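First up is the structure itself, then whatever we jot down about it.
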Amino acid sequence: MVSAPLPADLPTDLTGRIAFLCAGTDKAAAARARLVALYGDATPEEAAVVVALGGDGCMLETQHRLLGRNLPVYGMNCGSVGFLMNEFREEELPQRLSASQAAMLHPLRMTARCADGTTTEALAINEVSLLRETRQAAKLRITVDGKVRLDELICDGALVSTPAGSTAYNLSAHGPIVPLGANLLALTPISAFRPRRWRGALLPSEVQVAFSILEPDKRPVAAVADYTEVREVLEVGVREDRDLRLTMLFDPDHGLSERIIAEQFTV
């Protein structure tokens with residue numbers, strides 16, 4: 001995790017250098033058509049910046065689509081919550097982009113070994129979560145950097161969250177909100193039954209977390225990395241992928257760091 005905010009450092013002239021991508025809703029499509037009429041439309045290969053139109057899901061889909069390109073993405077909210085998005089306004093978009101600030105993030109890499117012998121890798125910008133597949137509670141063993149830290153967790157599941165994702169599923173599971181630049185990951189149980197009072201842990205971002213599924217035949221578990229779901233897993237490893245970098249752009253008066261701080265005082 002790289003500290004934010006930082007200048008967006010975009011070209012002075014963005015004419016013909018903005019790519020508009022939108023969610024699959026009528027509202028987002030109509031917004032895209034109006035913006036393209038005003039500012040033109042570049043392909044992601046030609047663009048200096050991408051504008052994502054939709055909600056937080058659209059931002060995540062856009063970042064996944066652009067992984068490895070390190071193109072900055074500026075979101076405008078045409079959805080519901082829009083925690084990762086800026087306010088939608090059609091006017092003076094190039095000026096807003098030039099004045100924006102950047103939050104640079106690293107995704108999580110999940111490696112899941114399954115009962116059928118296959119191994120799946122996937123990337124997550126928000127979180128990697130483990131979830132029970134049946135009425136039976138999951139039994140998990142949690143290892144951090146090769147050392148067993150929790151021999152048995154009986155629960156509905158558990159997740160590892162990035163700071164950007166700490167206000168999403170992690171917060172709903174009563175996990176901590178993690179400020180950008182903290183270089184921490186949140187490890188949070190989901191409806192823990194035993195040990196009932198364990199609330200999770202904050203871990204340095206460079207650690208490797210491993211989950212072993214206990215009694216997998218009786219208590220099958222699925223692993224999910226953002227949009228990738230793998231069922232009947234036996235072992236799941238999670239680490240921050242420092243070789244990949246994502247850049248999100250925010251208006252100076254409403255950056256992601258400020259939103260994360262403000263969210264902690266929302267009642």
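Pulled fully out, how much extra length does the chain show between ASP217 and LYS147, if you take 0.36 nm times their separation in residues and subtract their Cα-Cα distance?
22.7 nm
With +1 on each Lys and Arg Cβ and -1 on each Asp and Glu Cβ, and nothing else charged, work out how big the dipole of the stretch 176-231 is about its Cα centre, in Debye to the nearest 20.
Working: 7 positive and 5 negative charges, 85 e Å.
I would put it at about 400 debye.
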Item to check | Kirkwood hydrodynamic radius (C-alpha pairs) into Stokes-Einstein, the chain, 37 °C and 0.692 mPa s, D in µm²/s | outcome: 170
Item to check | Exposure of TYR169 as accessible area (Å², to 10), given a probe of 1.4 Å and all protein chains | outcome: 80
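Mind running the shape call on the stretch 137-195? Use the C-alpha gyration tensor, a ≥ b ≥ c as the square roots of the eigenvalues: rounded below 1.5 for a/c, prolate if a/b tops b/c, oblate otherwise. Can you show the working numbers first?
Values: a/c = 3.14, a/b = 1.42, b/c = 2.20.
Judged from the Cα gyration tensor, the stretch 137-195 comes out oblate (a/c at least 1.5, b/c at or above a/b).
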Checklist outcome for this item: For THR228 and ARG259, extending 7 Å from Cα along the Cα-Cβ vector and measuring point to point gives, in nm, a value of 2.5
Item to check | For the stretch 80-136, average projected area of the Cα convex hull in nm² | outcome: 7.3
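How much of the pair distance distribution for the stretch 67-216 lies past 18 Å, counting alpha-carbon pairs only, in percent? Kindly include the intermediate steps, with their values, before the conclusion.
On the way: 7170 of 11175 pairs.
Considering the stretch 67-216, 64 percent of its Cα-Cα pairs are separated by more than 18 Å.
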Checklist outcome for this item: Binned at 5 Å from zero, the C-alpha pair distances of the stretch 131-240 give percents of 2, 13, 24, 26, 23, 10, 3, 1, 0
Checklist outcome for this item: For ASP217 the rounded accessible area (nearest 10 Å², probe 1.4 Å, non-protein molecules ignored) is 150
Next on the checklist: So for each of 103-109, 67-73, 128-134 I average, over its residues, the number of other beta carbons within 10 Å; can you give me the resulting order with the highest mean first?
Outcome noted: 103-109, 128-134, 67-73
Next on the checklist: Among TYR227, PRO204, VAL144, whose Cα projects farthest towards the positive end of the dipole of the stretch 117-267, with charges put on the beta-carbon of Lys, Arg (+1) and Asp, Glu (-1)?
Outcome noted: VAL144
Item to check | Added length on full extension, which subtracts the Cα-Cα distance from 0.36 nm per residue, SER172 to ARG194 | outcome: 6.0 nm
Item to check | Separation between Cα centres of the stretch 61-83 and the stretch 157-231, rounded to whole Å | outcome: 23
Next on the checklist: Can you work out the Karplus-derived ³J(HN,Hα) for every residue in the stretch 173-186? Use 6.51 cos²θ - 1.76 cosθ + 1.60 with θ = phi - 60°, whole Hz, and x for glycine or proline.
Outcome noted: 8, 6, x, x, 7, 10, x, 4, x, 7, 6, 10, 10, 9
Item to check | Ordering of 77-88, 141-152, 198-209 by burial proxy (mean other Cβ atoms within 10 Å per residue, highest first) | outcome: 77-88, 198-209, 141-152
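Whenever you get a sec, line up HIS174, HIS254, HIS64 from highest to lowest accessible area (probe 1.4 Å, protein heavy atoms). Could you put the intermediate results ahead of the total?
Working: HIS174 160, HIS254 90, HIS64 50 Å².
Ranking HIS174, HIS254, HIS64 by accessible area, largest first, yields HIS174, HIS254, HIS64.
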Checklist entry - How long is the gain from ALA48 to ARG89 if the chain were fully straight, where each residue apart is worth 0.36 nm and the alpha carbon distance is subtracted? => result 12.8 nm
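What fraction of the Cα pairs in the stretch 25-97, stated in percent, has a spacing above 16 angstrom?
Working: 1235 of 2628 pairs.
Across the stretch 25-97, Cα pairs with separations above 16 Å total 47 percent.
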Item to check | Mean accessible surface per residue for the chain, computed with a 1.4 Å probe while every protein chain stays in place, in Å² | outcome: 47
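Over the chain, what is the mean sequence separation of C-alpha contacts under 8 Å (at least six apart), divided by residue count, expressed as relative contact order in percent?
Numbers: 646 pairs, mean separation 59.9, N = 267.
Relative contact order for the chain comes out at 22 percent.
In whole percent, and with a 1.4 Å probe on the protein chains, what portion of the accessible area of the stretch 151-197 is carbon and sulfur? Numbers along the way, then the final one.
Details: 950 of 1820 Å².
About 52 percent, which is the carbon plus sulfur part of the accessible surface.
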Item to check | Counted charge near CYS114, where neighbours are those whose Cβ lies closer than 10 Å (Asp, Glu -1; Lys, Arg +1) | outcome: -1
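The values are calculated or read from the model by the stated rules, or taken from the named source; none is laboratory data. This is a predicted model, so every value here is computed, not measured. Reconstructed Cβ throughout: ideal geometry from the backbone, glycine too, with neighbour counts over all protein chains shown. Accessible surface areas use protein heavy atoms only, side chains included; no ligands, DNA or RNA. Shrake-Rupley method; radii C 1.70, N 1.55, O 1.52, S 1.80 Å.
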